[in-house]
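Asker: Structure below; questions to follow.
The values are calculated or read from the model by the stated rules, or taken from the named source; none is laboratory data. Because the structure is a prediction, the values reported are computed rather than measured. Glycine gets a Cβ as well: all are built from the backbone with ideal geometry, and neighbour counts include every protein chain shown. Areas reflect the complete protein model, heavy atoms only, side chains present, ligands, DNA and RNA absent. Shrake-Rupley method; radii C 1.70, N 1.55, O 1.52, S 1.80 Å.
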Amino acid sequence: MRQRFRWLPPLCALLLLGAGCRRSNEFAVLPLQAAPPLEVPQAAGGVFRLSEQRGKVVVLTFGYTSCPDVCPTTLTQLQRLQSALGPASRDLQVVFLSVDPDRDSAEQLQTYVRAFSTRFTGLRLEPEGIAPVLAAWNVTAARHYPDTTRYREHPFAKDLPYTIDHTGAFFVVDKRGQLRLRLPYSVGGEYLRDEVARLLDEDEAPDSSPRVERARALLTPSRVGAIYLTLVNGTAQEDRLVSAESPSAGSVELHEVTSEGELMRMNPRPEGFRLPARSRVELEPGGKHLMLYAVPTRASRLDLTLRFEKAGPVTVSVPVSEPGADAL
């Protein structure tokens, strides 16, 4: 009996270390795909073409200048993002597209976005051009009129005012023109910053092999540990992670945790992990991961070589966290 359950302490420790993390693919747009085309007149003059933004990370949001709450809050969040990124923000392009062309003139829209940052770009379509763009980006925008019966004693002297119910989201396009994230309006500023910073760090060259993101190792006092990471296959062909090795560990195995009620099982996966074409595969706590055995010493980083069936070896340096550290 003791032999059968000897893996439980390290397994429990690893699950506790990884508890409470937000899934890194929670808001990812999958499968990986090119962003919908966008060619729209700028409020400042000229035409904004998304296809011309290669090499930059573009954050697109939709709104209108008469919005009293959501839109100014959104742009304030993006202003803070730009400031938090520092010099890296030179490769960030923030775009605000008006869904209210009847009230938002080009001049008014330009004044509005510049109040938040002179580097923000305001886009304005004519009314007949709005619907195709909203459909392409899966965005909702609908006028909401007040209940006029509430104003019988004080009728409106001019046009009936309205607000616009619209999608509140950050659409994040990477340097290669792929729509990578659709983040809700309610996402925290720190999470937004981390996700955009990650995309800014990426190479804009097309992927020729799987890419490793968010690699991190968690070690326990039992000289075992786990490595969690995201594998991004941006190529047009399927691949497979078949093995891993590290000079900092006696061995590295591909494992996956499964549950049967309260029973948690640690299952070796010698067949490897499949990477479909243009996909992201998460190795995360409570699921797929790399198991480290016989880690001799503690270090701030460890070298890891991942071997893929088609792409061959990929070597990365992985930051290491001590027990109890929140590295995820």
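Asker: Test Lys288 against the criterion of being among the basic types (Lys, Arg) and at pLDDT 95 or above, and give yes or no.
Answerer: yes
Asker: Continuing with the same structure: If a residue must be at pLDDT 95 or above, touching a Ser or Thr at 6+ places or on another chain (Cβ under 9 Å) and open to solvent by less than 40 Å² (accessible area, probe 1.4 Å), how many such residues does segment 253-266 contain?
Answerer: 1
Asker: Looking at segment 64-76, which of its residues are surrounded by 15 or more Cβ atoms within 10 Å (Cβ to Cβ) and assigned to a loop (DSSP other than H, G, I, E, B)?
Answerer: Result: Tyr64, Thr65, Ser66, Cys67.
Asker: Considering Ala249, Ala244, which residue is small (Gly, Ala, Ser), crowded, with 19+ Cβ neighbours inside 10 Å and assigned to a strand (DSSP E or B)?
Answerer: Being small (Gly, Ala, Ser), crowded, with 19+ Cβ neighbours inside 10 Å and assigned to a strand (DSSP E or B) holds for just one of Ala249, Ala244, which is Ala244.
Asker: When you go through Arg223, Arg214 one by one, which is the residue that is in a strand (DSSP E or B) and of a type in the set (Lys, Arg)?
Answerer: Just one listed residue meets the conditions, Arg214.
Asker: Moving on to the next point. Identify, by number, the condition in (1) under 25 Å from Gln178 (Cβ atoms); (2) free of Cβ contacts under 8 Å to residues at least 40 places away in the same chain that Asp69 doesn't meet.
Answerer: Condition (1) is where Asp69 drops out.
One line per residue, one yes/no per condition, for (1) modelled with pLDDT of 90 or more; (2) of a type in the set (S, T, N, Q); (3) farther than 30 Å from Lys288 by Cα; (4) in a helix (DSSP H, G or I):
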{"residue": "Gln3", "(1), (2), (3), (4)": "no, yes, no, no"}
{"residue": "Pro9", "(1), (2), (3), (4)": "no, no, no, yes"}
{"residue": "Val58", "(1), (2), (3), (4)": "yes, no, yes, no"}
{"residue": "Phe62", "(1), (2), (3), (4)": "yes, no, yes, no"}
{"residue": "Ala88", "(1), (2), (3), (4)": "yes, no, yes, yes"}
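Asker: Let me ask something else. Conditions: (1) under 23 Å from Asp201 (Cα atoms); (2) assigned to a loop (DSSP other than H, G, I, E, B); (3) open to solvent by 40 Å² or more (accessible area, probe 1.4 Å). Ala44 meets all but one. Number of the miss?
Answerer: Here Ala44 meets the rest and fails (1).
Asker: Do we find a residue being assigned to a helix (DSSP H, G or I), touching a Leu at 6+ places or on another chain (Cβ under 9 Å) and either modelled with pLDDT of 95 or more or of a type outside the set (Phe, Trp, Tyr) (or both) anywhere in segment 163-182?
Answerer: no
Asker: Kindly provide the set of residues from segment 183-203 that are in a loop (DSSP other than H, G, I, E, B) and either touching an Asp or Glu at 6+ places or on another chain (Cβ under 8 Å) or basic (Lys, Arg) (or both), ordered by number.
Answerer: Answer for segment 183-203, where residues must be in a loop (DSSP other than H, G, I, E, B) and either touching an Asp or Glu at 6+ places or on another chain (Cβ under 8 Å) or basic (Lys, Arg) (or both): just Glu202.
Asker: Out of segment 277-319, which residues are over 30 Å from Leu179 (Cα atoms) and open to solvent by 20 Å² or more (accessible area, probe 1.4 Å)?
Answerer: Hits for segment 277-319 are Tyr293, Ala294, Pro296, Thr297, Arg298, Ala299, Ser300, Arg301, Asp303.
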